Amino acid sequence: MYVSGEAVAGELAFLDAEYVFTDVAVDGSPSLDGGDVDTAVSGDLDDGYVDDVADDVVVTEIEDAFVQYGGAERVTVGGVEQVFHDDSAAPTKSPEQYEVTVNGWNHSRKVTDPRDGVAVVGAKNEVRVTEAAHDLTVYVVGWDNEVRVEGRNADVTVFFVGRDNTVSTGPYLSQSLAAESGFDNTVDADPLPPDAVIQTSKSEAHGDAVFGRHKLTWQEPAADKDWCPNCGSNADAVIARKQRDALFLFKLPVRTYDDGGVSYECEHCSRHAPDHVSLSEAERRDALE
């Protein structure tokens, strides 16, 4: 059962449910028993979606229930096996007001640069966000949903209400899990490629060295390292900075005066790394001190 934002104007009572994943805090035991109702819905139902009820709702004998932020005036439980509620953070505005919303089962949607948020309610939905350039909230309610966000220079804040959901981001975005009312949810980030830290490639550095003596500096991936010898951090994009002082003929070194040795940088300590990496500029300076 999936309860969207502002769906129940009164009390939402769960009786004898298995798991309740709720972004509305549980407020005691039910005052309802389901014995005297105006409308009853029963039978062999796979999924139920609650959107607009002007009164109270009582739900009995279901497996999983997922309640979105602001989904009811009051949530109560009785005989529930387990309740999952994380009150460590709340979205800055109701997910009902987000620019992108997907509700239901097994939907697929692609959007470009949403400006505030993406909300997914249901199961087995896939959402792909491209060219994200504004800070974004991703709010996922249900199970086995996947959200992929690609873009640059933006923060992605994730909320989960449910289980087995995944949000993944590209390497040029920062991401954080704000709250998880559930379990087995994942926030993944692509590793930063070394090219993002490289300022001058070897071919670029040698491009102008046609004739004569030249002192060249370039960077290339340090493929054999997963930590940075310069700052000591575990890193995805360790690069080797190399130098060469040589006499060139048709861009080929015919005599080397000094090979300059090798120094290392990574996305945490390089001045040329993108803005959105795991360390701030102040933290990078501290790492080098």
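Under the condition of being part of a strand (DSSP E or B) and among the polar types (S, T, N, Q), which residue from the range 159-170 is farthest from P114 (Cα to Cα)? That would be T166.
Can you tell me which residues in the range 98-147 are open to solvent by less than 10 Å² (accessible area, probe 1.4 Å), farther than 25 Å from Y19 by Cβ and either in a strand (DSSP E or B) or in contact (Cβ under 8 Å) with a residue 40 or more places away in the chain (or both)? Selection gives V100, G117, V129, A132, L136. Within the span defined as the range 209-219, one or more residues are at positive phi and modelled with pLDDT of 90 or more.
Could you tell me whether P274 is at pLDDT below 90 and either outside any loop (DSSP other than H, G, I, E, B) or small (G, A, S) (or both)? Here the answer is no, as P274 does not meet what is asked.
The set of residues from the range 231-240 being modelled with pLDDT under 90, in contact with a Phe, Trp or Tyr (Cβ under 7 Å, 6 or more places away or on another chain) and crowded, with 19+ Cβ neighbours inside 10 Å comprises just one member, A235. Does the range 56-87 hold any residues that are polar (S, T, N, Q) and at pLDDT below 95, and which are they? T60 - this is the single residue of the range 56-87 that is polar (S, T, N, Q) and at pLDDT below 95. Taking the conditions exactly as written (modelled with pLDDT of 90 or more and either open to solvent by 50 Å² or more (accessible area, probe 1.4 Å) or assigned to a loop (DSSP other than H, G, I, E, B) (or both)), does Q175 satisfy them or not? Answer is yes for this residue.
If you go through the range 219-228 and pick out every residue that is assigned to a loop (DSSP other than H, G, I, E, B) and surrounded by 15 or more Cβ atoms within 10 Å (Cβ to Cβ), you end up with 2.
Per the conditions (1) assigned to a loop (DSSP other than H, G, I, E, B); (2) in contact with a Leu (Cβ under 9 Å, 6 or more places away or on another chain); (3) at pLDDT below 95, the sole criterion not satisfied by P91 is (2). Screening the candidates V187, V156, V254 for the property of being under 25 Å from R128 (Cβ atoms), open to solvent by 40 Å² or more (accessible area, probe 1.4 Å), touching a Leu at 6+ places or on another chain (Cβ under 6 Å) and assigned to a strand (DSSP E or B) yields one hit, V187.
Select from the range 190-213 the residues that are of a type outside the set (D, E, K, R) and open to solvent by 30 Å² or more (accessible area, probe 1.4 Å) and list them in ascending order. Within the range 190-213, P191, P193, P194, I198, Q199, T200, S201, S203, V210, F211 qualify.
The values are calculated or read from the model by the stated rules, or taken from the named source; none is laboratory data. None of these values were measured; they are calculated from a predicted model. In this analysis, Cβ positions are derived from the backbone assuming ideal geometry, glycine residues included, and neighbour counts consider all displayed protein chains. These accessible areas exclude ligands, DNA and RNA; they are computed on the full protein's heavy atoms, side chains included. Shrake-Rupley method; radii C 1.70, N 1.55, O 1.52, S 1.80 Å.
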